[in-house]
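Engineer: First the structure, then my questions, so here it is.
Since every read-out is calculated from the coordinates, none of them should be taken as a lab result. What you see is a predicted model, and the numbers here were worked out from it, not measured in a lab. Neighbour counts run over all protein chains shown; Cβ positions are idealised from the backbone, glycine included.
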Amino acid sequence: MAKRGQRFTRTTMEILRPLHAALGSDYPEIWRTIAECVYIGILDDVPDVELRVKMTIRATDVQRAELGGQQPYLPKGGGYDAACQYRELYARFNGRNIPELAAESGVCIRVLYKHFAVLRQAEIEARQGRLAI
């Protein structure tokens, strides 16, 4: 499963200081928050602070130009997170370790079997290319 980034609420102001200096005090508040989230999201991937600030402002300004003036609902994506978790568990499934996977993940065995069946079917279809027999 892809590693999740650092949470905004766990980030110190010291880490965000270069971004805030570049944005200035008149940058709109909601877009400042979005910029902070983008900045935090690329912390590990872009070690150069100046490049990270530049990339963050560019990504935020593109979003501001495209989404500005709208009131979109931004879902958390819980279904996506769950799907990632089930794919990661399925990758570790060896046919005999489902009780351990269930205990570790907090998901009951029956639910894991249900999701594994769907993932197995998708895997078979991907390999066989939906053969017309």
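Engineer: From the phi angles alone, apply the Karplus equation (6.51, -1.76, 1.60; θ = phi - 60°) to segment 61-73 and give each ³J(HN,Hα) in whole Hz, x where the residue is Gly or Pro.
Structural biologist: Listing the rounded values in order: 5, 5, 5, 4, 5, 7, 9, x, x, 9, 10, x, 7 Hz.
Engineer: Here are some values of semi-axes √(5λ) of the Cα gyration tensor in Å: (i) 40, 19, 14; (ii) 29, 18, 14; (iii) 49, 16, 9. Which one was computed from this structure?
Structural biologist: (i)
Engineer: Determine the shape class of segment 71-133: with a ≥ b ≥ c the square roots of the Cα gyration tensor eigenvalues, call it rounded for a/c under 1.5, and otherwise prolate if a/b is greater than b/c, oblate otherwise.
Structural biologist: Values: a/c = 2.81, a/b = 1.10, b/c = 2.55.
Oblate is the answer for segment 71-133, as a/c is 1.5 or above yet b/c matches or exceeds a/b.
Engineer: Here's something else I'd like to know. Could I have the simple spin-label model distance between residue 96 and residue 76, label points 7 Å from Cα toward Cβ, reported in nm to one decimal?
Structural biologist: Distance between label points: 3.8 nm.
Engineer: OK, next. State the extension gain, in nm to one decimal, for the chain segment bounded by residue 51 and residue 117, taking 0.36 nm per residue of separation less the distance between their alpha-carbons. List each step's numbers first, then the result.
Structural biologist: Numbers: separation 66, 0.36 × 66 = 23.76 nm, distance 4.45 nm.
Difference between extended and current length: 19.3 nm.
Engineer: In addition: State to the nearest 20 debye the size of the charge dipole of the chain about its Cα centre, where the only charges are +1 on K and R beta carbons and -1 on D and E beta carbons.
Structural biologist: Working: 19 positive and 16 negative charges, 124 e Å.
Its charge dipole is roughly 600 debye.
Engineer: Do the sum for the chain: with -39,500 (n - 2.57) for every DSSP H run of n ≥ 4, divided by all residues, what is the mean residue ellipticity at 222 nm, to the nearest 500 deg cm²/dmol? Show your work: numbers first, answer last.
Structural biologist: On the way: 6 runs with 86 residues, N = 133.
Calculated mean residue ellipticity at 222 nm is -21000 deg cm²/dmol.
Engineer: On a full-extension model of 0.36 nm per residue, what is the gain between residue 14 and residue 37, subtracting their alpha-carbon distance, rounded to one decimal in nm? Intermediate results must be reported in sequence, preceding the final value.
Structural biologist: Values: separation 23, 0.36 × 23 = 8.28 nm, distance 1.45 nm.
Here the answer is 6.8 nm.
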